[in-house]
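Working notes for the structure below.
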Amino acid sequence: MSDIELLSLQTDHIRTLQQRYEHAIAEQGYDGLLISSGAAPVRYGDDQAWHFQGYGPFLHWTGLTGQEHSWLLIRPGHKPLLSLYHPVDFWHATPELPDEPWLQSMEVRSSDRREAPVKNVNGRLAVVGDPSQLSGVDGEHNPEGLLSALDETRVHKTPYEIACLDRANHIAMQGHWAARKTFLDGGSEFEINLAYQQTTGQREAQAPYHSIIGVNEHAGTLHYQYYDTEAPARPRSLLIDAGVRFRGYCSDITRTTPGAGERRFAALIQGLEQLQQRLCGMVAPGVEYVAIHRKTHQGIAALLNAAGVVQGVDDETLVEQGVTRAFFPHGIGHFLGVQVHDVSGKKEPPPSDAPFLRLTRTLEAGMVVTIEPGLYIIPSLLDPVLDGPLGKNFNRSVIDELRGCGGIRIEDNVVVTHDGARNLTREAGG
């Protein structure tokens with residue numbers, strides 16, 4: 001899609017948000033809504049701030065991830081008022097506002113003051129954002145009912161949002177290929193991260209989340225957060241979970257690569273890849289997301305038996321006895337949007353057999369989800385199983401061989417369409 005087409009979709013996106021937000025505001029009994037962009041908090045006992053990426057509803061409208069101390073005022077029957085904080089400052093650069101068509105849909109003001117634009121706002125006003133930024137602002141702060149209604153406006157993505165997520169997938173996949181090459185060439189975790197950043201052209205502070213880059217046993221820590229600067233003498237595996245922000249929207253992709261000579265681990269990756277594609281094929285309107293999660297456990301059980309990790313225990317027993325949860329302890333995925341774990345996924349609490357599942361809804365057209373099965377050798381989870389009643393059924397030599405590889409995760413970003421699904425990650429060359 002060309003940039004011209006993308007910008008045209010953004011104008012339509014603003015119109016759709018105007019309708020959705022006006023409906024939510026009226027339904028909750030308000031006459032106006034003021035959204036704070038937020039600002040980076042200063043670290044305790046320091047004069048440096050944390051990294052800033054913006055408040056979800058503000059990004060939903062503007063995509064301006066670095067715009068601090070700014071405001072968006074929504075009033076039914078009026079153009080949205082976008083008030084941008086642009087101080088005269090020689091210490092820091094002021095973000096430049098792009099000259100794009102969507103701005104014609106708004107009244108845009110610049111100010112060197114941080115005050116909210118609430119003067120001459122009549123009626124009942126709701127104000128949403130980080131409470132630390134709302135002190136002294138007139139209006140009802142973060143009313144629960146309205147916040148839930150605003151979250152719901154983000155569940156069904158507009159064509160513009162899907163186009164942004166698509167672009168974020170294309171950029172990120174280029175980074176994943178560069179990371180894979182660096183690993184196979186003998187690079188360290190730190191060098192792999194640099195290769196990813198250089199290829200995507202995005203600093204880590206701008207990325208939607210801290211990239212997970214685990215070599216060998218580090219791949220068994222689900223959110224491994226460090227980067228070794230030295231490569232291991234024997235590189236056995238790479239797990240990289242990394243995304244990109246594009247106009248505020250996130251990609252979230254995971255790939256696992258075996259090291260040279262790791263035939264058993266490579267076969268497990270291939271098996272999980274086949275399972276992952278079957279799970280992606282389940283995505284469609286009317287499908288319970290929890291059902292995809294449970295199908296994952298059935299697939300993990302079959303893979304453990306096929307790979308010779310377990311012997312003499314049927315798949316159903318492996319699931320019922322919680323054995324598969326030791327190998328696959330997290331949920332199958334989540335909503336995706338301007339937040340990596342996007343909002344409004346759990347209208348109902350997750351079931352007891354899936355306590356970490358972030359999405360429990362029935363899928364509908366316009367939703368964007370991740371599908372990310374995993375299979376890990378995590379000693380703290382697996383060792384109690386090995387010491388339990390089914391321990392005799394495990395092939396210890398196979399497990400010992402796999403321990404140094406850490407684990408596998410394969411993750412795609414999938415759009416629910418009216419008649420099925422669209423896999424943005426595979427379309428991007430994943």
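The values are calculated or read from the model by the stated rules, or taken from the named source; none is laboratory data. Only a predicted model underlies this, so the values are computations on that prediction, with no experimental measurement involved. Here the Cβ is made from the backbone with ideal geometry for all residues, glycine too, and neighbour counts use every protein chain on show. We work out accessible area using only protein heavy atoms, side chains counted, and drop any ligands, DNA or RNA first. Shrake-Rupley method; radii C 1.70, N 1.55, O 1.52, S 1.80 Å.
The figures follow:
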item	result
Answer residue from the range 50-100, given it is among the aliphatic types (A, V, I, L, M) and more than 25 Å from the chain's Cα centre (by Cα) and is most open to solvent (accessible area, probe 1.4 Å) among those	V88
Long-range neighbours under 6 Å by Cβ, at least six apart or interchain, first residue farther than 13 Å from P80 by Cβ within the range 100-126, second among the hydrophobic types (A, V, I, L, M, F, W, C) and open to solvent by 90 Å² or more (accessible area, probe 1.4 Å)	D112/V88
Residue that is farthest from the chain's Cα centre (by Cα), among those in the range 329-371 that are within 26 Å of G66 (Cα to Cα) and open to solvent by 10 Å² or more (accessible area, probe 1.4 Å)	S344
Which listed residue, of A178, A219, A163, A207, is under 29 Å from L382 (Cβ atoms) and either small (G, A, S) or open to solvent by 40 Å² or more (accessible area, probe 1.4 Å) (or both)	A219
Strands (runs of 3 or more DSSP E) contained in the range 1-107 and holding at least 2 residues among the polar types (S, T, N, Q)	none
Residues within the range 315-364 that are among the β-branched types (V, I, T) and closer than 20 Å to L303 by Cα, tallied	5
Failed item, numbered, when R255 is tested on (1) open to solvent by less than 10 Å² (accessible area, probe 1.4 Å); (2) in contact with a His (Cβ under 8 Å, 6 or more places away or on another chain); (3) under 24 Å from G430 (Cα atoms)	(1)
Matching residues in the range 386-402 - criterion: being open to solvent by 30 Å² or more (accessible area, probe 1.4 Å) and touching a helix residue (DSSP H, G or I) at 6+ places or on another chain (Cβ under 7 Å)	L390, E401
Given (1) part of a helix (DSSP H, G or I); (2) surrounded by fewer than 22 Cβ atoms within 10 Å (Cβ to Cβ); (3) more than 15 Å from the chain's Cα centre (by Cα), number of the condition G187 does not satisfy	(1)
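So that you can scan it fast, the table gives a plain yes or no per residue for (1) touching a Cys at 6+ places or on another chain (Cβ under 9 Å); (2) closer than 20 Å to G77 by Cβ; (3) of a type in the set (D, E); (4) open to solvent by less than 80 Å² (accessible area, probe 1.4 Å):
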{"site": "T11", "(1), (2), (3), (4)": "no, yes, no, yes"}
{"site": "R15", "(1), (2), (3), (4)": "no, yes, no, no"}
{"site": "Y21", "(1), (2), (3), (4)": "no, yes, no, yes"}
{"site": "L33", "(1), (2), (3), (4)": "no, yes, no, yes"}
{"site": "P41", "(1), (2), (3), (4)": "no, no, no, yes"}
{"site": "Y44", "(1), (2), (3), (4)": "no, no, no, no"}
{"site": "Q48", "(1), (2), (3), (4)": "no, no, no, no"}
